[in-house]
Amino acid sequence: MNSNKEVTRRRVQNGAHGGSVSGKTAEPAQWGRAWEVDWFSLLSVLALLCTAPFIVFFFVMACDQFQCSVTRPVLELYGGQSTLLSIWSRVPPPTWAAAKIYASWVVFQVGSVFLGGRHFFCSCRNWTNTFCFAVFQVVLYMCVPDILHKVVPGYVGGVQEGARTPAGLVSKYEINGLQCWLLTHALWLANARYFLWFSPTIIFDHWIPLMWCANALGYAVATFAFVKAYWFPTNPQDRKFTGNVFYNYMMGIEFNPRVGQWFDFKLFFNGRPGIVAWTLINLSYAAKQRELYGYVSNSMVLVNVLQGIYVLDFFWNETWYLKTIDICHDHFGWYLGWGDCVWLPYLYTLQGLYLVYHPVHLSAVHAAAVLLLGLAGYYVFRASNHQKDMFRRSQGACRVWGRPASYIECRYRSADGGEHRSKLLTSGFWGLARHFNYTGDLMGSLAYCAACGFGHALPYFYVVYMSVLLVHRCLRDEHRCGSKYGADWKRYTDAVPHRLLPGVF
Ligand code: NDP
């Protein structure tokens, strides 16, 4: 038993990517989380499980009850003006209205995964009808595939293959996120402009009751995935058990849990409902600002535009995302399930929420600086990811910044013992730092926060969180690459000595 586990672990640590040296057909293999849990990881998992829901609650409640001040609740508790009970008594409870809105939204998104987004517009006058309508769509359009990739030049959608799993399986995905995003937003705008079935401020108006629903779904999905992994796994060979129940629950057991042939938990929850909702939530905040003050501030426009670009980029490149760490290394557990349902929509949108309470007016210079930083960050993020993608797809035979790409040749062993080769790019953005794509992401994150001015700390949570997330991810990834490429990785880190900022880190 133990020796089996040891062999499997060694296979997982070795893994594969790229062409074969030994002549055997080599397919990319990817690795997920650890097989064994050290004390530090276990304590981190327990701390996250216990605190993450309260962090979300704290920020949302701080805006609702304390005008987005993060110090006032603490000071009032300390000074005795508030108690935990008095804060709790002011928190809006779950409501049926919110439950119906949320259920409609999720079913609508599930429907669009199956349907390829062929939604039809009807004159439903209330959310109960809309709910039935959404269910109706699921049944009616179950097998309609993505059509955008057939009509939009350069867009890669429809049925696509993901990365090969450690067990050697390659899953197929129906990529229709862009279509779903466009149709959802077209429906939203058509409602706001013509149909008026519901107020465009609906999300803000039900924000805390919706949070209870999002939590219910997040926990339900994580628990379902956990039970499913034991009782009816999709690919039993790709499960990982650490022997620690908390770690398994949090980091997931199954690699690619599915229901039926097409409903993939990781792809669905990673992109939808959270990321499709991101831009709708921001639009709802803008509508609320207009309702309250009669205008939409330039800071709110900036947040909507910059985050809108980021979200659209995600869906335009959804096929490319199948090859990123989230999809091809992480297993599906509470971390992804709850995180995508609650953490992402509630904490990635804090800037817009803040601006409803504080409609900041930026000077022309400040607004221009934020826009420039946001666009520069997006450019670095997209261009560096594109350079690596192009480099890997052409196997190094491409030009970067006008010159032939330079790279380090690497060797590694795969699960079947075959020796393989890969290449690590050392020119372009990848010659400046080993994770310059993360640097671009962080520049964009700072721009969203800076759009909110300097009155409060709350909107800056996002850039702090992203820094922690991406630095941790960078270390995690380098640990994996180090064990995969061995001495060749050392040659690469000697050639490109810094991780995020040339000369600094
Ligand atoms: P990367 O796209 O950087 O992928 C890392 C992998 O790329 C490594 O494991 C290695 O894989 C390969 N690689 C590393 N260095 C090189 C090189 N020099 N040349 C060629 N290949 C290399 O990481 P992510 O998947 O984490 O991120 C993708 C994007 O998503 C990033 O821009 C990130 O900022 C963004 N992101 C955003 C999040 C958010 O919440 N907003 C969360 C997470 C990511 P191999 O084994 O193939 O060699």
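The values are calculated or read from the model by the stated rules, or taken from the named source; none is laboratory data. This is a predicted model, so every value here is computed, not measured. Please note: Cβ atoms are built from the backbone with ideal geometry, for glycine as well, and neighbour counts cover all protein chains shown. Calculation scope for accessible area: heavy atoms of the full protein, side chains included, ligands and nucleic acids excluded. Shrake-Rupley method; radii C 1.70, N 1.55, O 1.52, S 1.80 Å.
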List the chymotrypsin sites (Phe, Trp or Tyr not before Pro) within the range 277-324 that fall in a DSSP loop (any state other than H, G, I, E or B) and whose Cβ has at most 12 other Cβ atoms within 10 Å. Y295
Could you state how much accessible area L84 has, in square angstrom rounded to the nearest 10, with a 1.4 Å probe and all protein chains kept in place? 130 Å²
The range 67-109: radius of gyration and largest Cα-Cα distance (Dmax), Å: 16.1, 46
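Could you order T319, T95 so the one with the most accessible surface comes first? Probe is 1.4 Å. Mind showing how you got there, number by number?
Numbers: T319 25, T95 55 Å².
Ranking T319, T95 by accessible area, largest first, yields T95, T319.
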For labels at S199 and E291 in the simple 7 Å Cα→Cβ model, what's the distance in nm? 0.3 nm
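Can you work out the accessible area per residue across the range 259-403, with the rest of the protein chains kept in place, probe 1.4 Å, in square angstrom? Please list the in-between numbers first.
Details: 5260 Å² over 145 residues.
That works out to 36 Å² per residue.
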Each residue of the range 398-405 in order: what ³J(HN,Hα) in whole Hz does its phi give by Karplus 6.51 cos²θ - 1.76 cosθ + 1.60, θ = phi - 60°, with x for Gly and Pro? 9, 9, 10, 6, x, 10, x, 4
Any chance you could tell me what percent of the C-alpha pair distances in the range 291-437 go past 21 Å? 62 percent
Given a 1.4 Å probe and heavy atoms of the protein chains only, how would you sort K288, K228, largest accessible area at the top? K288, K228
At a probe size of 1.4 Å, how large is the accessible area of R90, to the nearest 10 Å²? 110 Å²
How much solvent-accessible surface does F332 expose, in Å² to the nearest 10, with a 1.4 Å probe and all protein chains in place? 0 Å²
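So what is the relative contact order for the range 360-505, in percent, with contacts set as C-alpha pairs under 8 Å and at least six apart? Before the final figure, lay out each step's value.
Numbers: 185 pairs, mean separation 43.0, N = 146.
It rounds to 29 percent for the range 360-505.
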